[in-house]
Every structure is written in C-alpha cells, then in structure tokens.
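The values are calculated or read from the model by the stated rules, or taken from the named source; none is laboratory data. A quick note: this is a predicted structure, and the numbers were derived from the prediction, not measured. As a convention, Cβ positions derive from the backbone with ideal geometry for all residues, glycine included, and neighbour counts pool all protein chains shown. To get the accessible areas, we keep the full protein, side chains included, count just its heavy atoms, and leave off ligands, DNA and RNA. Shrake-Rupley method; radii C 1.70, N 1.55, O 1.52, S 1.80 Å.
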Amino acid sequence: MELRRTVQICRFHWLLLKGRQCPRLPLAPRCRQSSSFWPSRARGPQGLPRKALLAAALGLPLAAGVAYAVAEKPERRRMRLLLDGGGALCQNSPEYVAAMSECHQRAANAIVYGAIQNGGLYIKLGQGLCAFNHLLPPEYITTLRVLEDRALRSSYAEVDELFLEDFQARADQLFLEFDYRPIAAASLAQVHQARLHDGTPVAVKVQYIDLRDRFDGDIRTLELLLQIVELMHPSFGFSWVLRDLKGTLAQELDFETEARNAQRCARDLQHFGFVVVPRVHWEKSSKRVLTADFYEGCKINDVEGILRQGLRLKDAADKLIRLFAEQIFYTGFIHADPHPGNVLVRRGPDGKAQLILLDHGLYDVLQVKDREALCKLWRSIILRDDSTMRKCSEQLGVRAEDYFLFCEMLLQRPISMAELTLSNVLTREEAAYMQSMAKDRFDHIMQVLKDLPRSMLLVFRNINTVRGINVALGAPVDRYYIMAKSAVRCWSRTVSQRQGGITGSFLLRWMRALWDSLVFETTLRLQIASMKLTTSLLRLLVYVGFLQPSQEQQRIYEYLEA
C-alpha cells in the first residue's frame, strides 16, 4: 500500500514537472483574458528532440567552461573577446540600444523614401503611422512627420497644365496673384497661396495631375501586397480593410465633395466659436482644384509655435478634444484624417486659441444607434461600470468575450477596474502591455475590427490621432474625462431631439444635458470620495489596533489606494 502511494506521489510530481494538469486537481478559475497575457505552454511531443535540446543546454556551457580551463592564454583572450562581443547584444547594453536606434532610423528613412517616390495612398499610410506614437519607436514618429505637409512637389508646368484642363486658363491668369511655390504638400495635393481679384487672400489646393491615373493601380498593388502578406502570415489579414475603405478613399479625389463636406462641417460646428472652417470659393474650384480662405497658424502639435503666440497648450488641447468629440458623439459626420497638418492654431479675437480645421476630403458617417452606444460605452468605461461596458460593446457588434479588449482598443491604453483615473501618458509597463496585447492577441483584435460597423474603423483613426496630438503637447488635459463629459452631453441632446415635441425645445434640451452632466460628475466624484474614505478608515482601524496588519489586508489597502 505504501509503495503504491509512493508511486502515485512520484507520478504527481512528474506531471507537474512536465507542465501537465493533474486530472485529480480542480481547474483554477479563469482570469479575465485582457488583464494579463500569460503565454500558453507548448504541448508538442515529449520525445528525443526535447531531450537533445536539454542535453545541449546543459552540455554546451559545461564544454565551453572545460575548453576555457585547458586553453592557452592567447586562446583564452580570443574567447573573452568573443564573449564580450556576445554581451554587446544584451538588450540593456548601450551598444544594443544604439544599434537598434540606427536600425529603426534606417527603416523609417526607407518608409519615407518609398512613400514619397510612390505618392498618393502610400503617403497617407505613412501619415497614419505617425499616430501610433505609443507603439512605434520614436525614430519612426520623428521621421514620418515630414509626410504630414512636406511630401511631393509638382512642377510649375504641371500646375499650369492642370489649370488649363479645368479652367482653360493658367493659374496666374485666374488669380490676381498666384505663388507657384507650394506652402504645403501632402498625399493628394499641394497648397499654394494666392489672391483673388478683389484682394481676398486664399489657399489653393491643387491635386497632383497624375493622381487619378495612378489611384486604381495603387489600390490593386496594395491589395496584391496584402494578399501576399496574408498568404505568408494568415493571421495578418488586412486586405478586407482596404477592400471596405477604397470607396471612401476614392471620394477624396473629388474636391467638390470635399467642399461640400467643409460646408456641412462648418454648419455642424457653428456653435463652437473657437473653430474656423475656411470658406470655399466655388467659382475658383473644380474636382481637382479647391480654393478657400487663407488662414495663418501653426500646426496643432507645434508646442513652440503655440507658446510663441502667447497661447496655452491646455486650452488648445481641450478645444481639439471637444471639437472631435462633438463629431463622434453627436453630429456623426466625422473628420477621419485629423493629423497635425490638418489642424492649425492661431490667436483668436478673444486672445485664446482658435482652431482652423483643414482637409475635409475624408469623412464618414456614424449612425445614430452606434453613436448612442458609443456615448454610453465611454461613460461606463470612465465609471468602471462593467455590465454597461459589456452591453454597449455588444450593441456595436463586439462579441461578449471580447468586450474588455475592445474597450482597451478604444482608449488605446490598459484599463484597471480598480482604478478610476486614467493617465494620458502611458508608463513603461503600460506601453509594454499594449505592445504585448497587439502581438499576443492579434487574432482577437482583427476579429473585433471585423465585427464593428465599418465607419468605426475611421472613428478609431480619429480617436487615435487626437490621442497622439494630446501626448505630443505634453498631455496637458485629461482626454478621457473630457471625452466622457462630451459623450454624456451629446447623448442627452440626441435623446431629447428624438423625443421631439415640447421636450425637443432648446431650453429643455439644454437643461437635460446639464442635468445628465451633473449626475455623471457627481457619480464619478462620489466613487472617488468613497474609495478615499474607505482607505482612510482602513488605515485608522489598523493604526488604533482594531485590525492586525496582514497580507490580505495589505492587498485590500493597495486596491483601495489605487
């Protein structure tokens, strides 16, 4: 009997050493998948290859030590040099860091060169990468910024050729003054400064003359490249994104559509006195030329430029977030390309920051039901309302098991249910968590993106770009809180308008929005106060001796302290 029990115990420990789950032990409760990423243990065959690998791992260092001990002094010196060279590859060594930085810089330079040589969609893809400053190394972000407004350049002859095709006149004949030297150049067009015959200063956006000829070929080339990548890496399937968005991208080639988008945007945001949408001059515009009022200003991420005007970074960041939150949560007509080159800052009549919103070619519409779900979802994330987070995510098409992952994708940061505040700048651990999530749960992320309404893809682009700009400004405001307040107000206004009748009057809509905002802020502050009060009470009980310090109480204290 004792021998049998001994054999069972040995088998139990042998199973543990081999990483197997003992069939007699109960399964451990499953943790939420999005809270951490523990790599799954490989369960391949346990045979000769494994033993050979184990023998090599133990035998090679031992053999190297013996060889070093019996070697002559010159041979030992060469062995030490070899060892030092291998040590230089340590990820914490200055040599390794410098080598990786040079590698990233070469790759970033190659991306910029390829984008500029090919133009069009390739420049737009490079612009999109700039928004991922929390995932990409800084060498990419710094280098790729050149694509925002200093990319291609058309010759004077090409500009005149395009004007002759569209207006039967050269540019200098159509305007009183026309500067052939572009002041900005991006993915689809370059911008020239000019003056109308009545003296009005204008900005003239001139499309690259061969862009339409190359667009279909660029789309087919990108589709082919994505299919090749998908064949090599089946989980990396982004061809469906290009397939769904190529119709939206094609609309950018029509500057008359862009002019109509600008007019609608100006109407939607007219109650924001700090937003300027340049007025379009239709008589000087066509499908390839767009003429609008000219405004001076610095890019929204130009910290020195904003401070030089005597403006506050906090004011500029706050207005930027409120502007795009209004589009996402209320109007549903969303600017999908708000990179820093498309948002300028100048000193307004009130002496505060005024935003000039440019480039209205890429827009998408978010349906009312999706906007309402997004409003409630953002509010529930800030309040850590887990059940509402799940419910609203499912309303947007996300599967129940992926709702928490979707919330972290939406905010582009980890979410701790034990912590009510969200820092706008990721710590090193949080950045590592996001990178790990992008790598280890890539299949789930792709599935979430496929499940969402297609317009949400450009909403992600908008939110992430604004996040990147706020970080570039030093994160002077709480973006998550401002977005949540806007979501609450916009949801109240949407519900009031849908009800119509007397409840749809301006006064009652305003009162309801004010009340909902007050309830949200009160709820948030009460939760924070409750946490702080409970923490203080626990510390007091420990201090006076009613509770004895223990590991379990320490964990509770740390939870409440957070």
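The figures follow:
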{"item": "Ranking by accessible area, most exposed first, for Met100, Met389 with a 1.4 Å probe", "result": "Met100, Met389"}
{"item": "Accessible surface, segment 207-312, averaged per residue in Å² (probe 1.4 Å)", "result": "53"}
{"item": "Most positive-pole-ward Cα, Gly247, Leu211, Ala266, against dipole of segment 190-266 from beta carbon charges", "result": "Ala266"}
{"item": "Listed peptides 330-337, 67-74 by packing density, highest first (mean Cβ within 10 Å)", "result": "330-337, 67-74"}
{"item": "Per-peptide average of other Cβ atoms within 10 Å, ordering 159-167, 456-464 highest first", "result": "456-464, 159-167"}
{"item": "Dipole magnitude (debye, nearest 20) for segment 256-388, charges at Cβ of Lys, Arg, Asp, Glu", "result": "200"}
{"item": "Candidate lysines for bridging to Lys287, where Cα separation is under 20 Å - those fewer than 8 sequence places away on the same chain excluded", "result": "Lys124, Lys205, Lys246"}
